[in-house]
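Below: the structure, in structure tokens.
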Amino acid sequence: MVARLPGIRFSRVRFSAARWERAYRRMVRSAFSQVPFYRDQWVRAGRALDEPLPTPCADLTGQLHRLCPFAEPYDPGAEPSPWIGSAGDLRAVLVTSGADGRAPVLEVRRAMLDRRRLGLSRRYGVLLASGAKVMHERRRRELNEPALKLAATAGRAVVVGEREAVAEFLPALADIETRVVTRAELTGAGQNDLVHDPYLGYFAARAGCGHVHLLWRRFYARVVDGGSLAVTALLRRRPVLVDVMPDGVVTLSRCPVHGTPILGVTP
Ligand SMILES: [Zn+2]
């Protein structure tokens, strides 16, 4: 029986800072005991550390095999890249930003993804932006047809992506009811709806109160090193991401309306 890393599932449970901290501590203990990337930090330090050294996201490149538990190593020949992103995280940011509902979700990406639904009932399609990895432009248009057809059939769509990338598709969606949900990395959080990182995926979203809410059921965060955000994915077992830092200087506080963690981007 493979030991599983702990997760937290307390939907409908109110935010508790103490419980959130305990969930982080459980992830830290599991990471040090089960995951080479973190275990090696003890080896280099020559002692047991209380918490991992925060790692800039850019330094995670090429580390996938070391970020998976010893007992469940990553096998690139037998499984898709774990960096493709979690459907659950995308669903959660859409709920936070008020873009839940039944309209199909079209996500602008740089590569195709064999995903047809978000959850049980919501249809999902990929739009390849210009500059995506395809053989030629005609092929890109062919690959985009199913998602555009999905939207046309439903008569509505939620389109998610970087602002410029989404704009490219708006003429093709002009005849249907379209809601645009923009995303950016942490440094662009102030002007966009969703916060996305190539490694962490979607981890925060602007809610109706106007504040950028961290998905606290899914991620723990603390501010380190003069304002960097160190983020821990609480529900993810492969790869295990503890205290990884997206670019940007932030503040972390509580929403005056909701009482849960929000991010402020410092210019
Ligand atoms: Zn709020």
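The values are calculated or read from the model by the stated rules, or taken from the named source; none is laboratory data. Everything numeric in this text was worked out from a predicted model, so none of it was measured. Positions of Cβ are backbone-derived with ideal geometry, glycine not excepted, and every protein chain shown enters the neighbour counts. Note: areas computed on protein heavy atoms with side chains; ligands, DNA, RNA excluded. Shrake-Rupley method; radii C 1.70, N 1.55, O 1.52, S 1.80 Å.
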Output ordering of 199-212, 46-59, 19-32 (per-residue mean of other Cβ within 10 Å, highest first) is 199-212, 19-32, 46-59
Bins of 5 Å, starting at 0 and running to the largest distance - Cα pair percent for the chain: 1, 6, 12, 16, 18, 16, 13, 10, 5, 2, 1, 0, 0
Treating only Lys and Arg (+1) and Asp and Glu (-1) as charged, each at its beta carbon, one finds that the chain has a dipole about its Cα centre, in Debye to the nearest 20, of 1020 debye
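Ignoring ligands, DNA and RNA, what accessible area per residue does the chain give at 1.4 Å, in Å²?
Roughly 51 Å² per residue, with all protein chains present.
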What are the residues whose amide H is under 5 Å from the amide H of residue 159, where those residues sit 5 or more places off or on another chain and H is modelled from the backbone? 106, 179, 180, 181
What is the ratio of the Cα radius of gyration of segment 85-184 to 2.2 N^0.38 Å, with N the residue count, to two decimals? 0.99
Does segment 53-140 come out rounded, prolate or oblate, given a ≥ b ≥ c as the square roots of the eigenvalues of its C-alpha gyration tensor, rounded meaning a/c under 1.5 and, failing that, prolate meaning a/b above b/c? oblate
Estimated distance in nm for a label pair at residue 25 and residue 61, the labels positioned 7 Å out from Cα along Cα-to-Cβ: 3.7 nm
One computes Rg over Rh for segment 134-245 from alpha-carbon atoms, with the Kirkwood Rh, and obtains 1.06
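Which order do peptides 214-222, 165-173, 33-41 fall in by mean Cβ count within 10 Å, highest first? Before the final figure, lay out the partial values.
Values: 214-222: 21.9, 165-173: 16.3, 33-41: 18.2.
Going by the mean number of other Cβ atoms within 10 Å, highest first, we get 214-222, 33-41, 165-173.
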Sort out for me the Cα centre separation of segment 117-195 from segment 23-102, rounded to whole Å. 27 Å
What ranking of 133, 149 comes out by heavy-atom accessible area, probe 1.4 Å, highest first? 133, 149
Cα gyration tensor, segment 45-97 - rounded (a/c under 1.5), prolate or oblate: oblate
Segment 85-184, accessible surface, carbon-and-sulfur percent (1.4 angstrom probe): 50 percent
